[in-house]
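Peer 1: Below you'll find the structure I mean.
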Amino acid sequence: MRAILFAAFAMLAACAPREQASCEVRFDREIAFTAPDAADVVTVLALGPSCEQLTGVFTLSDAGGDPLWAWAAPMRPAFGDAFAGADREAVRAFLERWSQPTIARTSESPPWPLTDNLVTTLDQATYEDIRARDLPMLCHFSGTGRQACVFWEPAAAGAGHYFDRDAPEAGSTTP
């Protein structure tokens with residue numbers, strides 16, 4: 001009887017959920033995007049079963065916490081070897097850099113026709129209208145040497161995807 005109880009206990013123990021090492025790191029930064037004096041917030045979050053196997057989430061919210069823009073991707077395919085052998089401190093340092101988007105104006109965007117390093121899903125008329133309206137624009141890293149750029153549309157109280165581009169040259173291989 002003891003052998004049967006021991007065997008049953010051993011089988012139950014094998015089926016019990018196991019604690020798995022995980023990695024979750026978050027960094028928040030206040031920025032002014034929707035208006036010059038806005039208290040908007042960039043939140044970058046990396047989470048996964050280990051610090052080498054992360055999904056990254058870049059979120060932009062207004063001061064009230066309403067989300068305006070979000071972007072997500074597996075970190076290692078997007079940012080390469082920055083996560084090979086990474087620990088929590090390396091991930092936190094990466095997220096701190098990633099949380100620093102570039103703030104500009106849509107009027108600073110290149111005119112149509114677009115170059116090979118800039119891709120948009122917008123048609124020419126919409127792209128040029130957004131450019132001419134001189135709206136706030138935020139560009140964040142979306143991969144090694146790539147940025148996603150969004151514009152603020154005050155009439156809709158939301159951000160829209162404007163284009164993806166190669167990152168500017170100066171120190172831009174990672175955020």
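Peer 1: Out of the residues in region 99-126 meeting the condition of being touching a residue at least 24 places away in the same chain (Cβ under 8 Å) and in a helix (DSSP H, G or I), tell me which one is farthest from Glu153 (Cα to Cα).
Peer 2: Glu108
Peer 1: Oh, and also: What is the one condition in (1) more than 23 Å from Gly48 (Cβ to Cβ); (2) touching a helix residue (DSSP H, G or I) at 6+ places or on another chain (Cβ under 8 Å); (3) open to solvent by less than 60 Å² (accessible area, probe 1.4 Å) that Ala104 does not satisfy?
Peer 2: Going through the list (1) more than 23 Å from Gly48 (Cβ to Cβ); (2) touching a helix residue (DSSP H, G or I) at 6+ places or on another chain (Cβ under 8 Å); (3) open to solvent by less than 60 Å² (accessible area, probe 1.4 Å), Ala104 breaks only (2).
The rows are residues; the columns are (1) closer than 17 Å to Trp98 by Cα; (2) open to solvent by 40 Å² or more (accessible area, probe 1.4 Å); (3) outside any strand (DSSP E or B); (4) at pLDDT 95 or above.
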site: Phe6; (1), (2), (3), (4): no, yes, yes, no
site: Glu24; (1), (2), (3), (4): yes, yes, no, yes
site: Phe27; (1), (2), (3), (4): yes, no, no, yes
site: Thr34; (1), (2), (3), (4): no, no, yes, yes
site: Ala46; (1), (2), (3), (4): yes, no, no, yes
site: Pro49; (1), (2), (3), (4): no, yes, no, yes
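Peer 1: With respect to His161, is the statement that it is under 22 Å from Val57 (Cβ atoms), open to solvent by 50 Å² or more (accessible area, probe 1.4 Å) and at pLDDT 95 or above true?
Peer 2: yes
Peer 1: Which one of these does Ile130 not meet: (1) open to solvent by 20 Å² or more (accessible area, probe 1.4 Å); (2) part of a helix (DSSP H, G or I); (3) aliphatic (A, V, I, L, M)?
Peer 2: Result: Ile130 fails condition (1) only.
Peer 1: Looking only at region 63-98, count how many residues are open to solvent by 40 Å² or more (accessible area, probe 1.4 Å) and assigned to a loop (DSSP other than H, G, I, E, B).
Peer 2: Final tally of qualifying residues: 7.
Peer 1: Every residue in region 133-146 that is out of contact with any helix residue (DSSP H, G or I) (no Cβ under 6 Å at 6 or more places or on another chain) and either more than 25 Å from Asp81 (Cβ to Cβ) or open to solvent by 60 Å² or more (accessible area, probe 1.4 Å) (or both), please.
Peer 2: Hits for region 133-146 are Arg133, Pro136, Leu138, Arg146.
The values are calculated or read from the model by the stated rules, or taken from the named source; none is laboratory data. What you are looking at is a predicted structure, and each value in this text was computed from that prediction instead of being measured. Because the Cβ atoms are built from the backbone with ideal geometry, glycine has one as well, and the counts that use them run over all protein chains shown. All accessible areas refer to the heavy atoms of the entire protein, side chains included, with ligands and DNA or RNA removed. Shrake-Rupley method; radii C 1.70, N 1.55, O 1.52, S 1.80 Å.
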